[in-house]
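Worksheet: one structure, shown below.
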Amino acid sequence: MKNYFKTIVKYSLLFGLFVSSISCENYLDVSDDTLISETEAFENFTKFQGFTEELYQSIPDFTNAYWTNSWNWGEDEIQSSARDFHFVCKIDNGDLWGWQSEYDGWQAGWMNRRGVSTNNDRFGKDLWTLGWAGIRKANIGLANIDQLKDATQEEKDLIKGQLLFFRGWFHFQFMQYFGGLPYIDSVLPSDQALTLPRLTYAECAEKAAADFRLAADLLPVDWDNTTVGKRTLGKNALRINKIMALGYLGKNYLWAGSPLMNKVSTGSATYNIEFCKKAAKAFAELLTNTESGDSKYALLPFANYSDNFYTTGKNWAIPGGSEAIFRGPYFGANGSNWGTSKQYQPSPVLADGDVKFLPTANYVDNYGMANGFPITDITKADAESGYDPTHPWQGRDPRFYNDIVYDGVKCVKGTLPANIESDRYANLFTGGSYRNISTGSRTGYLLYKFIPITANKYDGGYDWGNNLNIHIPWMRLSDIYLMYAESAAVGYNSPTGKDPSYSRTAVDAINVVRDRASVGHVASKFLGSVDSFMNEVRRERAVELAFEGHRFNDLRRWMLFIQSPYTLKKSIEFNRDASFNTANPKTNKVLNIRETVILERNFSEKHYWLPLKNADVNMYLEFQQNPGW
């Protein structure tokens, strides 16, 4: 552990955030001061803000941290078999050491790597090194806040609020993967022996909550409405504000109240009701602000749903729009087209490259029917939901058609060589040309949530001139509604439970998200108990937040990660009926539909937490390794 505190000191440089004009000039306008001495850094708002803004440069871009990128580590996604260096492959083998740079020879992971920096290199960002450095930097700033004499009260509040948020945010990111850790809330001397013990998860969560709460009280809902923000009017979208702080205040409490975290804190593998009530209260305050029109945040119309994740032809605009609550800077225009945009299409059929990420068939089963009912068995007809196994693509949740490419979907719009004209439409049936274990689809599906249908080598969709940029937010507004639904239902012991300060019930919040996609409301049969309702809450999170990096932590905190069927990854197998046509693939008939297990993960209790670095836990007795590692 002493090693990474030395790293903290090494990377706590007094530099202002210096973002390239291409990558985020419209979102985070910065001062001209690029190098500030330690004696000058805190004397006025401009210089102190320059010091503070380096923290934004410490946020990893998990979407584009390498040529190809892995961030879905549950049962939701499987990689093609041509390569095995990404962390998801290591998890499939039960090897959770793979998050560490020492076990990642390719340096492809965003959680830890060598050669990190706070410049604009997307390959130079990691969570572990820059996170601890960021905590120290925040503490240095907070320790010197009284040195800020030449500033208004608003300016002082803005600086302090940002620093508190980042201290809480980096701690929260560590806690959710590793459990309770020392909560560093002061500047630690680098020349003294460390004896800080690991706190319980609950103790850490309370400290993070205090930072998020005070940050929310100090920060504005919208920087554009402040005197300071008017200096950079319209360029403040990435700056930390009250909504971001409230979002993470609620998430921190909900995580602390979840079964896994509550078990390690209290011994009870159930929800902590009081933490859930606190989470619901924070989310209620956030949603009251957004629904009243006090903020610029709102759910995007479903017609613009993809703006959450990618943009094309918009002069390198960062995706997210009004729905993205928390995002980091986007490092390097066109960076996604060097690999990320190609990792979802079969090679060599539609794109180059050999690393492909595929949605598992069992995860796609979470996408129910447009009427709101789930699919209980893909091989059996269901009169209640209307699902028909001979027409499995018909009548599905509209988000299924947005996110998933299934058999018969048109994947190329432009000209194809005559000898491969048949590849214009997705040949995802068993034995089809898109099915390739090594570099194609292993599962019978493709994921197109983060790319347009034209992002292939024939339509030129990932060429420079099309300005395709993929950048997934860490938190968006629909997630807030779903977290509120979970925390309110558990906290108030009913699907119609609600925080007293907010008008919507838990089920109302789910239905707000469904209304955006024109999906039927939660059926009354699921409203009889919290347990029944929670099945729909979990399924709704699986669909709405699919492949955005949430599933791994959700399964862990619900204590489902090591249980079957969540340890399985499956493919869908079927034959085309003779009536197959490309005019409307939704209506195509299939034969002999079934699912086949590709792999089963062999997990035990130790796999609920990632292992800490041995070099750190060997530094002193109070900093112990996670159980089983």
- line: Checked the stretch 92-124 for anything of a type in the set (Ser, Thr, Tyr), surrounded by fewer than 19 Cβ atoms within 10 Å (Cβ to Cβ) and either free of Cβ contacts under 8 Å to residues at least 12 places away in the same chain or touching a Leu at 6+ places or on another chain (Cβ under 9 Å) (or both); matches are 117
statement: Here the qualifying pairs (Cβ atoms under 9 Å; residues six or more apart or on different chains; first in the stretch 275-288 and assigned to a helix (DSSP H, G or I); second among the acidic types (Asp, Glu) and modelled with pLDDT under 95) come out as 288/294
- prompt: If we keep just the residues of the stretch 310-338 that are of a type in the set (Gly, Ala, Ser) and on the phi > 0 side of the Ramachandran plot, which is farthest from the chain's Cα centre (by Cα)?
  reply: 313
query: What is the residue count in the stretch 212-236 for residues that are buried (at least 19 other Cβ atoms within 10 Å of the Cβ), under 13 Å from residue 295 (Cα atoms) and without any contact (Cβ under 8 Å) to a residue 12 or more places away in the chain?
result: 0
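Would you point out which residue out of 253, 271 is aromatic (Phe, Trp, Tyr) and part of a helix (DSSP H, G or I)?
Values: 271 fails: part of a helix (DSSP H, G or I).
Matching residue, one of 253, 271: 253.
Would you mind finding the one in 67, 71 that is part of a loop (DSSP other than H, G, I, E, B), out of contact with any helix residue (DSSP H, G or I) (no Cβ under 8 Å at 6 or more places or on another chain) and either in contact (Cβ under 8 Å) with a residue 40 or more places away in the chain or among the hydroxyl-bearing types (Ser, Thr, Tyr) (or both)? Spell out how you get there, then give the answer.
On the way: 67 fails: out of contact with any helix residue (DSSP H, G or I) (no Cβ under 8 Å at 6 or more places or on another chain).
So the residue among 67, 71 that is part of a loop (DSSP other than H, G, I, E, B), out of contact with any helix residue (DSSP H, G or I) (no Cβ under 8 Å at 6 or more places or on another chain) and either in contact (Cβ under 8 Å) with a residue 40 or more places away in the chain or among the hydroxyl-bearing types (Ser, Thr, Tyr) (or both) is 71.
The rows are residues; the columns are (1) crowded, with 24+ Cβ neighbours inside 10 Å; (2) in a helix (DSSP H, G or I); (3) at pLDDT 95 or above; (4) on the phi > 0 side of the Ramachandran plot.
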position	(1), (2), (3), (4)
63	yes, no, yes, no
83	no, no, yes, no
90	no, yes, yes, no
142	no, yes, yes, no
- request: Hey, could you check the stretch 491-533 for residues that are among the hydroxyl-bearing types (Ser, Thr, Tyr), out of contact with any helix residue (DSSP H, G or I) (no Cβ under 8 Å at 6 or more places or on another chain) and farther than 24 Å from residue 272 by Cβ and say which is surrounded by the fewest Cβ atoms within 10 Å (Cβ to Cβ)?
  value: 524
task: Looking for whichever is closer than 16 Å to residue 163 by Cβ, hydrophobic (A, V, I, L, M, F, W, C) and either within 20 Å of the chain's Cα centre (by Cα) or modelled with pLDDT under 95 (or both) here; the options are 240, 184. Which one fits?
output: 240
field: Residue match in the stretch 577-589 (condition: touching a residue at least 12 places away in the same chain (Cβ under 8 Å) and part of a strand (DSSP E or B))
entry: no
message: Scan the stretch 183-203 and tell me whether some residue there is in a helix (DSSP H, G or I) and under 16 Å from residue 56 (Cβ atoms).
response: no
message: Quick check on the stretch 530-544. Is at least one of its residues out of contact with any Lys or Arg (no Cβ under 6 Å at 6 or more places or on another chain), without any contact (Cβ under 8 Å) to a residue 24 or more places away in the chain and part of a loop (DSSP other than H, G, I, E, B)?
response: no
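Please enumerate the residues belonging to the stretch 615-628 that are in contact with a helix residue (DSSP H, G or I) (Cβ under 9 Å, 6 or more places away or on another chain) and free of Cβ contacts under 8 Å to residues at least 60 places away in the same chain. Reasoning before the result, please.
Our first condition is that a residue be in contact with a helix residue (DSSP H, G or I) (Cβ under 9 Å, 6 or more places away or on another chain); within the stretch 615-628, this holds for 615-616, 619-620, 623-628.
Selection gives 625, 627, 628.
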message: Could you tell me how many of the residues in the stretch 590-612 are outside any helix (DSSP H, G or I), hydroxyl-bearing (Ser, Thr, Tyr) and surrounded by 15 or more Cβ atoms within 10 Å (Cβ to Cβ)?
response: 0
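Which residue, of 293, 229, 250, 267, is in contact with a Leu (Cβ under 9 Å, 6 or more places away or on another chain), over 20 Å from residue 486 (Cβ atoms) and of a type outside the set (A, V, I, L, M, F, W, C)? First the steps, then the outcome.
Details: 293 fails: in contact with a Leu (Cβ under 9 Å, 6 or more places away or on another chain); 250 fails: over 20 Å from residue 486 (Cβ atoms); 267 fails: in contact with a Leu (Cβ under 9 Å, 6 or more places away or on another chain).
Checking each option against the conditions leaves just 229.
The values are calculated or read from the model by the stated rules, or taken from the named source; none is laboratory data. Small disclaimer: the values here were computed from a predicted structure and weren't measured. FYI the Cβ positions are ideal-geometry reconstructions off the backbone, even for glycines, and counts take in every protein chain you see.
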